[in-house]
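So the structure is just underneath, and the comments pick up after that.
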Amino acid sequence: MTTEIYEEKLYSKWISLVLGSITAIFFILGGYEILVGMEWDESLPVWFWPVMALLFLGLTINFLKLTIKMDHDGLKVGYGLLKSKVSWHEIEDSYLDETSTLWYGGWGVRLGRGGGNWRTVYNVVGGPRVVISLRDGLVREIVFSTKNPERVIKTIERHAM
């Protein structure tokens, strides 16, 4: 059994608000389609709106919170089912991210290139982010939001380097 060294949960109010609103719209449209029927130029199957509502409900639940866990095995960071797990010996460096969130294309989970390396980004609206450089692999950096970047970096340095 592993003991937690550090754990943090960041709730994504804005991501949840946007996805939750879309989910509500799909549920309303689905209910309206089933109860009243809609006149569309192109007919959609009756199941379309409820299926979309359930899909977005799943996305909303998945992106409710960003979880960061560090234990004796390594670092785990991610949203719901979308997570990265890195052992301490895989980490080469860690530092504060100075890149604009807009450069990443928004909030949530992103895959992109930064500084010539592939990056997986887990971020929430506002707040600082930490970059973890990995020794090898296709994705060479993991970037994530945190309320305590200095503490996270010190913990990583103490266990990984």
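A few comments on the model shown:
- Residues within segment 61-86 that are under 11 Å from the mean Cα position of the chain (by Cα) and more than 30 Å from Ala160 (Cα to Cα), tallied: 0
- Residue match in segment 126-138 (condition: in contact with a Pro (Cβ under 6 Å, 6 or more places away or on another chain), under 17 Å from Glu7 (Cα atoms) and in a strand (DSSP E or B)): yes
- Lys76 meets each of the listed conditions (1) modelled with pLDDT of 95 or more; (2) over 21 Å from Ile153 (Cα atoms) apart from (2).
- Within segment 95-111, if we keep just the residues that are part of a strand (DSSP E or B) and surrounded by 15 or more Cβ atoms within 10 Å (Cβ to Cβ), the residue that is modelled with the lowest pLDDT turns out to be Gly108.
- Any pair with Cβ under 9 angstrom, 6 or more apart, that starts in segment 28-45 at a residue that is closer than 23 Å to Leu57 by Cα and ends at one that is assigned to a loop (DSSP other than H, G, I, E, B) and at pLDDT below 75: Leu29/Met38; Tyr32/Met38; Leu44/Met38
- Inter-residue pairs, beta-carbon under 6 Å, first buried (at least 16 other Cβ atoms within 10 Å of the Cβ) and in segment 133-160, second polar (S, T, N, Q) and part of a helix (DSSP H, G or I), 6+ apart: none
- Of all the numbered requirements in (1) closer than 30 Å to Ile153 by Cβ; (2) under 21 Å from the mean Cα position of the chain (by Cα); (3) in a helix (DSSP H, G or I), His89 misses one, and that requirement is (2).
The values are calculated or read from the model by the stated rules, or taken from the named source; none is laboratory data. For clarity, every value in this text was computed on a predicted model and none was experimentally measured. All Cβ positions, glycine included, derive from the backbone under ideal geometry; neighbour counts span all protein chains shown.
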